[in-house]
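A.B. asks: Right, I'll just put the structure down here and ask away after.
The values are calculated or read from the model by the stated rules, or taken from the named source; none is laboratory data. Remember, it's a predicted structure, so these values are computed and weren't measured experimentally. Cβ atoms come from the backbone with ideal geometry, glycine included; neighbour counts cover every protein chain shown.
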Amino acid sequence: MHFTLCDYMMEIVQNAVESRADTIRMRCDQTSETCLFSVEDNGCGMTPAQLEACQNPFAADSKKHPGRTMGLGIPLLAHCATTAGGHWLADSEPGRGTRIEATFDLRHLDTPPIGDLADLWVSAMTFAGDYELIIERTRRDAAAVAPRGYTLSRREIREVLGDLNTTTSLTALRAFISRCEADIG
Ligand SMILES: Nc1ncnc2c1ncn2[C@@H]1O[C@H](COP(=O)(O)OP(=O)(O)O)[C@@H](O)[C@H]1O
Ligand SMILES: [Mg+2]
């Protein structure tokens, strides 16, 4: 189930990891009125036909999920953004990668809460594999004001903490990211 914007974005970053990307960039830029999320990967990419199919909830990838008839990551995100006054876009090229971006209207009654970004960042960093994940998080009170923010690199964090799937490193990572979030709150 999807209760927060972070739940939607979790599906999108999982797709990026599954695309065998070696570098993924995630961005979350928030103002008092809007929240923009994007995920950009340099993975296998999609042909125009695949890109169109993945926007259709009834066109699941039967090789990846035998027996499943629905793929929901992108259709749910698109539905969530557009029914609540937001926008979304998907851009992809075979062999080059994919970019998915969604802007949500935080004042719209049907926009879900953003959710726990620290949880999203930790989960996005702890899939198996050697991918680099760069997270750019910014907050602005008004368009004219300089943003507050932080940048995280999975590679740098792994250099410090080692294996991210031990209880000790997960606890340290969560505490570190929560502090970054609190500092820009
Ligand atoms: N970032 C991506 N790179 C390459 N292919 C992608 C990407 N995102 C989605 N796809 C393709 O679109 C399909 C549908 O994605 P999604 O709706 O999340 O369903 P699922 O991941 O469960 O198959 C994926 O199976 C994959 O083939
Ligand atoms: Mg998916």
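A.B. asks: Considering only residues that are within 8 Å of ligand 1 (Cβ to nearest atom), more than 17 Å from the chain's Cα centre (by Cα) and at pLDDT 95 or above, look in segment 1-59 and name the one that is farthest from Asp105 (Cα to Cα).
C.D. replies: Cys44
A.B. asks: Go through the residues of segment 125-141 one by one and say whether even a single one is touching a Pro at 6+ places or on another chain (Cβ under 8 Å), among the charged types (D, E, K, R) and at pLDDT 95 or above. Give the steps one after another, and end with the answer.
C.D. replies: First, the residues of segment 125-141 that are touching a Pro at 6+ places or on another chain (Cβ under 8 Å): 138-140.
If we keep only those that are among the charged types (D, E, K, R) too, we end up with 139-140.
Then drop every residue that is not at pLDDT 95 or above, which leaves 139.
Within segment 125-141, one or more residues are touching a Pro at 6+ places or on another chain (Cβ under 8 Å), among the charged types (D, E, K, R) and at pLDDT 95 or above.
A.B. asks: Moving on to the next point. Are any residues in segment 103-134 assigned to a strand (DSSP E or B), surrounded by 18 or more Cβ atoms within 10 Å (Cβ to Cβ) and touching a Cys at 6+ places or on another chain (Cβ under 8 Å), and if so, which ones?
C.D. replies: If the condition is that a residue be assigned to a strand (DSSP E or B), surrounded by 18 or more Cβ atoms within 10 Å (Cβ to Cβ) and touching a Cys at 6+ places or on another chain (Cβ under 8 Å), then Phe104 is the only one that fits.
A.B. asks: Scan segment 88-128 residue by residue and report those that are small (Gly, Ala, Ser), away from ligand 2 (no atom under 16 Å from the Cβ) and touching a helix residue (DSSP H, G or I) at 6+ places or on another chain (Cβ under 6 Å).
C.D. replies: At the first step, the residues of segment 88-128 found to be small (Gly, Ala, Ser) are 90, 92, 95, 97, 102, 115, 118, 123-124, 128.
Adding the requirement that they be away from ligand 2 (no atom under 16 Å from the Cβ) leaves 95, 115, 118.
Result: Gly115, Ala118.
A.B. asks: Moving on to the next point. Sort through Arg148, Arg174, Arg139, Arg154 and tell me the only one that's more than 22 Å from Met46 (Cβ to Cβ), under 18 Å from the mean Cα position of the chain (by Cα) and surrounded by fewer than 17 Cβ atoms within 10 Å (Cβ to Cβ). Reasoning before the result, please.
C.D. replies: Numbers: Arg148 fails: under 18 Å from the mean Cα position of the chain (by Cα); Arg139 fails: surrounded by fewer than 17 Cβ atoms within 10 Å (Cβ to Cβ); Arg154 fails: surrounded by fewer than 17 Cβ atoms within 10 Å (Cβ to Cβ).
Just a single option satisfies the conditions, and that option is Arg174.
A.B. asks: Also, quick follow-up: From the residues in segment 13-27 that are among the polar types (S, T, N, Q) and surrounded by 17 or more Cβ atoms within 10 Å (Cβ to Cβ), which one is nearest to ligand 2 (Cβ to nearest atom)?
C.D. replies: So, considering only residues that are among the polar types (S, T, N, Q) and surrounded by 17 or more Cβ atoms within 10 Å (Cβ to Cβ), the one nearest to ligand 2 (Cβ to nearest atom) is Asn15.
A.B. asks: So, one more: Does Gly85 satisfy being modelled with pLDDT under 95 and more than 14 Å from ligand 2 (Cβ to nearest atom)? Spell out the reasoning first.
C.D. replies: Numbers: modelled with pLDDT under 95: yes; more than 14 Å from ligand 2 (Cβ to nearest atom): yes.
Yes; evaluated as a whole, the condition is true for this residue.
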